[in-house]
1. Looking at 283, 333, which one is surrounded by 21 or more Cβ atoms within 10 Å (Cβ to Cβ), farther than 15 Å from residue 359 by Cβ and in contact (Cβ under 8 Å) with a residue 12 or more places away in the chain?
2. When you go through (1) modelled with pLDDT of 95 or more; (2) farther than 18 Å from residue 339 by Cα; (3) among the hydroxyl-bearing types (Ser, Thr, Tyr) one by one for residue 245, which number turns out not to apply?
3. I'm told residue 252 meets every condition in (1) farther than 26 Å from residue 141 by Cβ; (2) touching a helix residue (DSSP H, G or I) at 6+ places or on another chain (Cβ under 7 Å); (3) touching a residue at least 24 places away in the same chain (Cβ under 8 Å); (4) surrounded by fewer than 24 Cβ atoms within 10 Å (Cβ to Cβ) except one. Can you identify the failing condition by its number?
4. For the stretch 7-59, which positions are farther than 18 Å from residue 165 by Cβ and in contact with a helix residue (DSSP H, G or I) (Cβ under 9 Å, 6 or more places away or on another chain)?
5. Can you say whether residue 289 is small (Gly, Ala, Ser), at pLDDT below 95 and in contact with a strand residue (DSSP E or B) (Cβ under 9 Å, 6 or more places away or on another chain), as far as the supplied structure shows?
6. Looking at the stretch 171-228, which of its residues are among the small types (Gly, Ala, Ser) and away from ligand 1 (no atom under 16 Å from the Cβ)?
7. Could you please let me know if residue 277 is touching a residue at least 60 places away in the same chain (Cβ under 8 Å), away from ligand 1 (no atom under 16 Å from the Cβ) and in contact with a strand residue (DSSP E or B) (Cβ under 7 Å, 6 or more places away or on another chain)?
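The values are calculated or read from the model by the stated rules, or taken from the named source; none is laboratory data. Note that the coordinates shown come from a computational prediction; the quantities given were computed from them, not determined experimentally. Glycine also receives a Cβ, built like all others from the backbone with ideal geometry; neighbour counts cover every protein chain displayed.
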Amino acid sequence: MQTITLDIPGQPQSYPVVVGTKLLGRVAALLPLDGYSRVFVVTDEVVGPLYYETLARGLMLPVSRIVFPPGEEAKNLENVSKIWTAMHRAGCDRKTLVIALGGGVIGDMAGFAAATYMRGVGYFQMPTTLLSQVDSGLGGKTHIDFDGVKNLVGSFYQPSAVVIDTDTLKTLPERDFVANFAEIIKHGLIQDVEYLKLVTSKRPREFSVAELTDIIAGSVRIKADVVMSDPNESGRRSLLNFGHTVGHAVEALSLETKTPLRHGEAISIGMVVEAEISVSKGLLSAEDAERVRRLLSAAGLPVTVPELNMADMFEKMASDKKNAHGVLRFTLLKALGEVVWYQEVENDTVRDAILRHREAK
Ligand SMILES: NC(=O)c1ccc[n+]([C@@H]2O[C@H](COP(=O)([O-])OP(=O)(O)OC[C@H]3O[C@@H](n4cnc5c(N)ncnc54)[C@H](O)[C@@H]3O)[C@@H](O)[C@H]2O)c1
Ligand SMILES: [Zn+2]
């Protein structure tokens with residue numbers, strides 16, 4: 001078991017991120033729960049049946065739960081309202097601990113409900129997907145989708161603890177597991193070339209649970225370091241956006257086709273294209289860009305841009321919050337393990353990089 005402490009500037013308290021196996025049933029033994037009167041668990045219909053009983057049995061406090069259908073569609077205000085109502089009717093007071101048991105959808109929504117119920121109660125993230133373990137479960141961004149816009153409404157609200165039980169990864173579908181690995185490879189690419197070597201030394205599913213525990217702890221350290229240096233996303237946190245400007249556009253457009261991509265798959269394609277842009281801007285060598293492509297491909301991730309309308313791609317990229325006065329801004333690679341952010345790039349350069357990595361017909 002490994003514990004990483006997140007000490008976020010401006011926050012009254014630091015909090016632990018515990019990573020290891022067989023943690024779900026031992027929460028009361030791992031973390032101090034004496035200040036809490038009861039627990040309210042938010043989960044979904046896939047994760048709940050797998051892990052709720054084990055978690056609830058080990059808490060030694062009165063527990064109630066709410067269960068939502070799986071998927072992004074559940075991350076809405078109506079369901080936050082259902083959480084508030086269920087908490088109120090279960091007698092939850094200010095000493096209630098909310099536990100988010102599930103992937104990023106449950107974590108984002110339960111975090112927002114915890115941030116707002118009685119002006120904020122304590123909550124734990126217990127992320128059960130690889131993405132939520134290395135990304136969404138850390139950093140305290142809580143939000144819901146609203147009026148057709150992803151993550152439009154929310155707040156920064158840090159959990160009191162994050163418990164990452166790596167045994168939960170065993171039940172993840174293969175495709176999701178590999179897709180999520182793109183974010184882990186991204187952490188290596190932006191921050192740490194030794195870590196990059198480690199996480200690409202085998203195919204994702206070949207790592208043992210013990211090796212995965214080390215890998216996840218490594219990713220947590222990288223994300224924690226970035227979040228601690230820029231808790232409100234005013235600068236350095238942008239380095240996490242590598243691959244995401246092109247990746248988000250590819251992801252969003254693919255969802256309207258017969259072959260929708262997972263977030264991580266789209267980010268893999270985005271990283272290939274943005275490495276190419278980095279070469280065009282004279283920042284990265286062509287050999288290193290090719291290495292990025294090979295490493296992602298060897299992990300089983302897609303590396304070519306599907307047939308999508310170029311004008312639609314630009315429209316999606318232009319709506320990115322990070323752009324300045326109509327010019328696209330990217331986080332680009334300077335070397336493997338090193339990035340620069342807020343790089344303005346002309347549309348032609350972006351277009352050329354996309355065309356270079358188009359799927360062969
Ligand atoms: N807050 C942030 O900083 C942040 C960052 C990145 C992404 N996000 C958000 O995270 C969400 C995506 O998260 P996600 O990829 O975890 O998706 P998800 O929460 O939708 O989970 C994916 C699927 O896996 C299932 N699942 C979860 N754990 C499982 C397990 N252990 N075994 C079997 N099945 C399991 C879920 O039921 C769901 O069907 C998006 O809404 C995104 O906006 C937030
Ligand atoms: Zn991402």
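1. 333
2. (2)
3. Only one criterion in (1) farther than 26 Å from residue 141 by Cβ; (2) touching a helix residue (DSSP H, G or I) at 6+ places or on another chain (Cβ under 7 Å); (3) touching a residue at least 24 places away in the same chain (Cβ under 8 Å); (4) surrounded by fewer than 24 Cβ atoms within 10 Å (Cβ to Cβ) is unmet by residue 252, namely (1).
4. Within the stretch 7-59, 7, 8, 9, 40 qualify.
5. no
6. Correct list: 188, 201, 208, 210, 217, 218.
7. yes
Condition check ((1) modelled with pLDDT under 95; (2) within 16 Å of ligand 2 (Cβ to nearest atom)) across all residues:
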| site | (1), (2) |
| --- | --- |
| 209 | yes, no |
| 215 | no, no |
| 229 | yes, no |
| 234 | yes, no |
| 251 | no, yes |
| 270 | no, yes |
